[in-house]
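Colleague: One structure follows; several queries about it will come next.
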Amino acid sequence: MNGILAGFAIIGVVVAAGYLAARLRLGGPEAATTLNRIGFFVASPALLFTVVADADLARLLQAPLLVQAAAGLAAALLFLVVDAVWFRLPGPERTVGALSSGYVNAGNIGLPVAAYVLGDATAVVPVILLQVLVVSPLVLLLLDAQTSRRVSVGFVLSQPVRNPIILGSLGGALVSFTGWAVPEVVLAPLEILGGAAIPMILLAFGMSLHGSQPMRRGEGRASAVVASALKAAVMPLVAYVVARHGVGLDDGEVVAAVTIAALPTAQNVFNYAARFGRGEVLARDTMLVTTILSPVVLLVAALVLT
């Protein structure tokens, strides 16, 4: 439990620092956008390369990953059902809402939580790979099609080299598969750049909160509430049911599955929304609410399951 609280305390301090920096007008009005772009194009690919390069990719085929895929898909589909019946959002906002409901923060929060709570930092690497190599390309493709109204075979085939996050992950996967030892002169700079990814993204998120009023009436509050409820409560519940009764994981694996599913909505969702300029308020509000609720859900899950 102390690990959970410590992980969220670290995140909260960095986000608060970003908010304070924006309040003091450090970096000018475009500072958040600049940090977001540098994090997306430079630091995050380096971080994912170094993490994935050290991962055991065989874990992608294990049952716990199937649990996370099922839980995330269930939460996203439920949002689409609610949207079809109630909200009827435009396509890009609908996509961001579904992603917010089922895309966990496996990197920024998941890594420290896995290390401190589960005792294995690599426990979230398969989820990172699933989200970055499978979910993110599909979502980016869909958002691009919805905002530019163009889809082609060439666009689909070029997606890995058009997105730096995917490129960094694929490079790390190649290193992991081949067992190649990356020279220190290459790895060290990537580790330094990767180390900057989390603080830059969190600072950008904190800056985006300044001058805004999360969950404000008239800015899609209802859709953010639904996405937050699906992410914070429904996804961990589905993970528990599938892990315990679907694939028959043992007690420790069930705890790990629920813990990972209970992580808040990832900063990448806001990153993607900001890149296309659609659904940013929905993504930001869902991230904020689930980041607040996630420690509570994790503590309750720890009390019930351990």
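Colleague: Under the definition of Cα pairs under 8 Å and six or more residues apart, what whole-number percent is the relative contact order of the chain?
Modeller: Once divided by the residue count of the chain, the mean separation gives 34 percent.
Colleague: Just the C-alpha atoms of the range 220-306: what Rg/Rh do they give, with Rh taken as the Kirkwood radius?
Modeller: 1.05
Colleague: Shifting gears a bit: Which residue, Pro264, Ala243, Leu80, has the largest displacement toward the positive end of the dipole of the chain when charges sit on each Cβ (Lys, Arg +1; Asp, Glu -1)?
Modeller: Ranked along the dipole, the leading option is Leu80.
Colleague: Treating only the Cβ of Lys, Arg, Asp and Glu as charged (+1, +1, -1, -1), what charge dipole size does the range 2-305 show about its Cα centre? Round to the nearest 20 debye.
Modeller: It works out to roughly 1100 debye.
Colleague: With unit charges on the beta carbons (Lys and Arg positive, Asp and Glu negative) and the dipole taken about the Cα centre of the chain, which residue among Gly102, Val225, Pro199 sits farthest to the positive side?
Modeller: Selected residue: Val225.
Colleague: Per the Debye formula with a single identical scatterer at each Cα and no solvent contribution, what log10 I(q)/I(0) holds for the range 85-146 at q = 0.18, 0.25 Å⁻¹?
Modeller: -0.70, -0.98
Colleague: Could you calculate the FRET efficiency of Val186 with Asp54 from 1/(1 + (r/R0)^6), where r is the beta carbon distance between them and R0 is 22 Å, rounded to 0.05?
Modeller: The value I calculate is 0.95.
Colleague: Measure out, as a whole number of angstrom, how far apart the alpha-carbon centroids of the range 85-145 and the range 61-78 sit.
Modeller: 11
Colleague: Return the distance in nm (one decimal) between the two label points of a simple spin-label model at His245 and Arg23, each offset 7 Å from Cα along Cα→Cβ.
Modeller: Roughly 4.7 nm, to one decimal.
Colleague: Looking at the chain as a GNM with Cα springs under 10 Å, which of Asn105, Asn36, Asn163 has the largest mean-square fluctuation?
Modeller: Asn163
Colleague: When 1/r is averaged over all different Cα pairs and the result inverted, which Kirkwood radius in Å belongs to the range 2-305?
Modeller: 19.4
Colleague: Scan the chain and note any complete DSSP helix (H) whose C-alpha atoms cover at least 18 Å along its axis and whose Kyte-Doolittle average is -1.0 or more.
Modeller: 2-23, 63-82, 164-178, 184-209, 280-305
Colleague: Relative to the Cα centre, what is the charge dipole magnitude of the range 1-117, using +1 at the beta carbon of each Lys and Arg, -1 at the beta carbon of each Asp and Glu, and rounding to the nearest 20 debye?
Modeller: In debye, rounded to 20, the range 1-117 gives about 260.
Colleague: Using the count of nearby Cβ atoms within 10 Å as a rough guide to exposure, how do Arg88, Arg94 rank from fewest to most?
Modeller: Ranked by crowding around the Cβ, least crowded first: Arg88, Arg94.
Colleague: If you don't mind, another one. In the range 248-286, whose amide N lies under 20 Å from the spot 7 Å out along Cα-to-Cβ of Asp120? List them in ranges.
Modeller: Within reach of a label on Asp120, which here means backbone N under 20 Å from a point 7 Å along Cα→Cβ, the range 248-286 contributes 248-263.
Rule-based calculations on the coordinates, nothing more; no lab input. Fair warning: this is a prediction, and the values are worked out from it, not measured in the lab. For neighbour counting, all protein chains shown are included, and Cβ atoms are generated from backbone atoms with ideal geometry for every residue, glycine included.
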